[in-house]
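Report on the structure given below.
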């Protein structure tokens, strides 16, 4: 391996364009070597933004390149397993965009191959690196709210009309729908905070009459002393709270999304010490009493930074640190997804064994 980790990105849709290429470009220790796309408009954009990066028509041009060290898979979900498997077997380290795969069996097979090949395999659960999630994690670890008795999180949107073209997530395909897309974020956050639950109760359905895939979910993860509620819908003009936690010592409520995605989508480079810092108007609100001290008002958000994901990835590949997002954790997300769909179909609570 050269000094830099030579990286190829399979796909240049929203994920490749917004969440991966900008970071491989700016984080020290990586080289953005190749991107695959067959779309002339996307190819032109790549050539404009990354003039020394080669563009190839599909993932084979990346996987078959012996110079590539790391493959990032940002293809449609149905191709995650295929490309990740081929990349691992070719001796590459692999990052897979969430969701990991379309089922547990595929995820388990990829983990086994990565162990045999002795290559890094991880999933892009990037919302561990947002300001709101980092704030909640720090708050929970502090014990400031006391014993948690209720947890609720929303990832709501408002879009009542179909996308004009290319919306594979809205087609009735394996891995399509809002639960695979946004539910994987909310599940990973809950598991990162609290670990695996004891049981799952879910309602996953479609609210828009034209929808071919699920566009709404209400999932309950049952822990010994509280229930974690995960909700998302596409007909929410006023989004629910991003986070709402109630504990024996107090409550914390947070609205508004982390600012990084919108900034990146606008074409900004993830640079500078203030990257990912939230404005005060979307800081969360806390009302708590800790050791006799009453605390009420705005709680400054932690500094969100997706760059930290890639810094950890670089250092893990170089054998310096443990991997932040372990593939076994992403496998557990897939387990919850499958159990939630089973719960919704059978209209009952499913115990996790």
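The values are calculated or read from the model by the stated rules, or taken from the named source; none is laboratory data. As the structure is a prediction and not an experimental result, all values here were calculated from the model. Please note: Cβ atoms are built from the backbone with ideal geometry, for glycine as well, and neighbour counts cover all protein chains shown.
Looking only at the stretch 97-114, count how many residues are within 11 Å of residue 332 (Cα to Cα) and part of a helix (DSSP H, G or I).
Result for the stretch 97-114: 3.
Taking the criterion of being loosely packed, with under 13 Cβ neighbours inside 10 Å, out of contact with any strand residue (DSSP E or B) (no Cβ under 6 Å at 6 or more places or on another chain) and within 28 Å of residue 148 (Cα to Cα), would at least one residue in the stretch 239-258 satisfy it?
Going through the stretch 239-258, the residues loosely packed, with under 13 Cβ neighbours inside 10 Å turn out to be 248.
After this cut, where a residue has to be out of contact with any strand residue (DSSP E or B) (no Cβ under 6 Å at 6 or more places or on another chain) as well, the list is 248.
Among the residues that remain, those that are also within 28 Å of residue 148 (Cα to Cα) are: 248.
Yes, the stretch 239-258 has at least one match.
Considering only the stretch 159-177, I want to know if a residue exists there that is farther than 20 Å from residue 334 by Cα, free of Cβ contacts under 8 Å to residues at least 24 places away in the same chain and either outside the structural domain of residue 241 (by TED's automatic domain parsing) or in a helix (DSSP H, G or I) (or both).
No, that holds for no residue.
Within the stretch 319-331, how many residues turn out to be in contact (Cβ under 8 Å) with a residue 60 or more places away in the chain and either out of contact with any helix residue (DSSP H, G or I) (no Cβ under 6 Å at 6 or more places or on another chain) or surrounded by fewer than 20 Cβ atoms within 10 Å (Cβ to Cβ) (or both)? Quick ask: steps written out before the conclusion?
The first filter runs over the stretch 319-331 and keeps only residues in contact (Cβ under 8 Å) with a residue 60 or more places away in the chain, leaving 323-331.
The next check asks that each one be either out of contact with any helix residue (DSSP H, G or I) (no Cβ under 6 Å at 6 or more places or on another chain) or surrounded by fewer than 20 Cβ atoms within 10 Å (Cβ to Cβ) (or both); those that pass are 323-326, 328-331.
Total meeting the criteria: 8.
Being over 18 Å from residue 120 (Cα atoms) and out of contact with any helix residue (DSSP H, G or I) (no Cβ under 9 Å at 6 or more places or on another chain) is the filter here, so list the residues in the stretch 289-318 that pass it.
289, 291, 292, 293, 294, 295, 296, 297
Let's see how each residue does on (1) touching a strand residue (DSSP E or B) at 6+ places or on another chain (Cβ under 9 Å); (2) buried (at least 19 other Cβ atoms within 10 Å of the Cβ); (3) at negative phi:
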site: 5; (1), (2), (3): yes, yes, yes
site: 13; (1), (2), (3): no, no, yes
site: 19; (1), (2), (3): yes, yes, yes
site: 30; (1), (2), (3): yes, yes, yes
site: 35; (1), (2), (3): yes, yes, yes
site: 39; (1), (2), (3): no, no, yes
site: 49; (1), (2), (3): no, no, yes
site: 52; (1), (2), (3): yes, no, yes
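Which ones in the stretch 156-180 are on the phi < 0 side of the Ramachandran plot and in contact with a strand residue (DSSP E or B) (Cβ under 9 Å, 6 or more places away or on another chain)?
Filtering the stretch 156-180 for residues on the phi < 0 side of the Ramachandran plot gives 156-165, 167-174, 176, 178-180.
The answer is 156, 157, 158, 159, 160, 178, 179.
Considering every residue within the stretch 276-286, establish whether at least one is under 30 Å from residue 92 (Cβ atoms) and either at pLDDT 95 or above or out of contact with any strand residue (DSSP E or B) (no Cβ under 8 Å at 6 or more places or on another chain) (or both). Show your work before the answer.
Initially, the stretch 276-286 is screened for residues under 30 Å from residue 92 (Cβ atoms), giving 276.
After this cut, where a residue has to be either at pLDDT 95 or above or out of contact with any strand residue (DSSP E or B) (no Cβ under 8 Å at 6 or more places or on another chain) (or both) as well, the list is 276.
Yes, that holds for at least one residue.
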